[in-house]
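Report on the structure given below.
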Amino acid sequence: MSAQPDTRLRRSLGVPGAVIIGLSAMLGTGVFAVWTPALGLAGTWLPVALGLAALVATLNAISTARLAMRHPESGGAYAYGRLRLNPVAGVVAGYAFTVGKSASAAAAALTIGFYSWPEQARLVAIASIGLALAIDLRGIVKSTRVSAGLVSLVLVSLLVVVLTAWLRPLHGGAAAPLSVLPGAQVDGPAVLAAAGLLFVAFAGYARITVLGEEVRSPERTIPRAMVISFVVVLITYASVCAAVLSAWRIGVAFGPASLEGIAELAGQDWVSGLVRLGAILGAGSVLLSLLAGIGRTVFAMAAGGHAPKPLAAVSQRSAVPSRAAIIAAVLAVGFVLPGRLGWALALSAASILAYYSVAHLAAWTLPGSSSRVVSLLGLVGCAGILSAVLAAALTGSLPGS
């Protein structure tokens, strides 16, 4: 058995725990909130946008998994860029991750607010961030156990919703234009922008790599956990995408809560309640996972001298970088204050795609021609989708931005 790399944190996670971390980071905000704006951009090309997002996410996963096996430490692309490129690249990746994931955390918190108490969505969002921070400060094992329960409930709720949409008899009708974006014309850049929004829903698998110092046998655990969690999420998203298109084709007008429209189509109050519960629990799981990931990245940056040194402190009681975790929560609250879910998703997409661009550049330096092919394709994909998201946001064609 190979010796474990040195770490200041506690190696307590195996493959099941790491899979739960990945699933909890992906199953939540995206699957409940992203379909309406993505459908408004891509229309009937929504499956293509989903496929592009999955492809780029797969390339990103391959590059980050290879880097994680070579450098099993906290920080993700911040560490990889610093070690394999230069300090500037690492700092760019670290701050891109921090900004992007803070925006994602804000989107998750706002999703909880809009589904539970729309009139006080921001207040509920801030309270949710506080609760997630309190759980994270107790330690990574306790956080994983909470996430496991949330993920299980979300999967059950999504399964019921999708089966209800598929099995209920649907009668006639052609596809109706989205009420939130009437008359939208679908083109290549719009499909790419939709892929960017959908990419946010996939991006959580990198949450596993930033826990490099908290998993056992990271060279084996990280890639296995990433593959398992990604496959589960891809199957889930494809099923929900088919249900969304089926409802859209018979004239369902989608609002910000996409799956709630499908629930109303079923004509069952319990289904609507299940969707709301699933959205709250799923977004809560994502929020918990995101805050932990942001805190570990800030911790790694502080330990490397690229963030204030006091943020590198680790709690003796819980082995958690508590100061960095608190900063992560403060940043998320800052992005909650505008109260704009679409804007938060777009900002998250742009920042995280920039983060992965650094990861691909770092992976380019690994030995082997296959690594370079994956890195090049991934870098091109990230750059193309990033450009489309920015163009859509600047031209005002991004719903909710």
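The values are calculated or read from the model by the stated rules, or taken from the named source; none is laboratory data. All of these numbers come straight from a predicted model, not from anything done at the bench. Neighbour counts are summed over all protein chains in view; Cβ atoms, including those assigned to glycine, are modelled from backbone coordinates with ideal geometry. Heavy atoms of the whole protein, side chains included, go into the accessibility calculation; ligands, DNA and RNA do not. Shrake-Rupley method; radii C 1.70, N 1.55, O 1.52, S 1.80 Å.
Nonpolar atom fraction for the chain, defined as the carbon and sulfur part of the 1.4 Å probe accessible area, stands at 67 percent. Normalised radius of gyration (Cα atoms, divided by 2.2 N^0.38 Å) for region 244-377: 1.45. Each residue, GLN268 and ALA391, gets one label point 7 Å from its Cα in the Cβ direction; the gap between the two is 4.3 nm.
A Cβ-based charge dipole, computed about the Cα centre of the chain with Lys and Arg at +1 and Asp and Glu at -1, lands at about 1100 debye.
Based on the Cβ-Cβ distance from TRP117 to SER152, what FRET efficiency comes out when R0 is 25 Å, to the nearest 0.05?
Here the calculated transfer efficiency is 0.50.
Given the choices [x] 20.7; [y] 23.4; [z] 22.3, Kirkwood radius over Cα pairs in Å derived from the coordinates of this structure is entry [x]. Taking the average, over residues, of other Cβ atoms within 10 Å as the packing measure, peptides 57-63, 14-20 rank 57-63, 14-20 from highest down. Tell me the relative contact order for region 276-352 as a rounded percent, counting alpha carbon contacts under 8 Å between residues six or more apart. Answer for region 276-352 is 22 percent. Entry note, the chain: relative contact order of 35 percent, from Cα contacts under 8 Å with a spacing of 6+ residues.
Think of a 1.4 Å ball rolled over the protein heavy atoms: region 268-351 then has 36 Å² of accessible area per residue.
So what is the 222 nm mean residue ellipticity for the chain from helices alone, if each DSSP H run of at least 4 adds -39500 (n - 2.57) and you divide by all residues, rounding to the nearest 500 deg cm²/dmol? Mind dumping the intermediate values first?
Values: 16 runs with 291 residues, N = 401.
One gets -24500 deg cm²/dmol as the mean residue ellipticity at 222 nm.
What region 18-94 shows is 26 Å² of accessible area per residue, with the surface traced by a 1.4 Å probe over protein heavy atoms.
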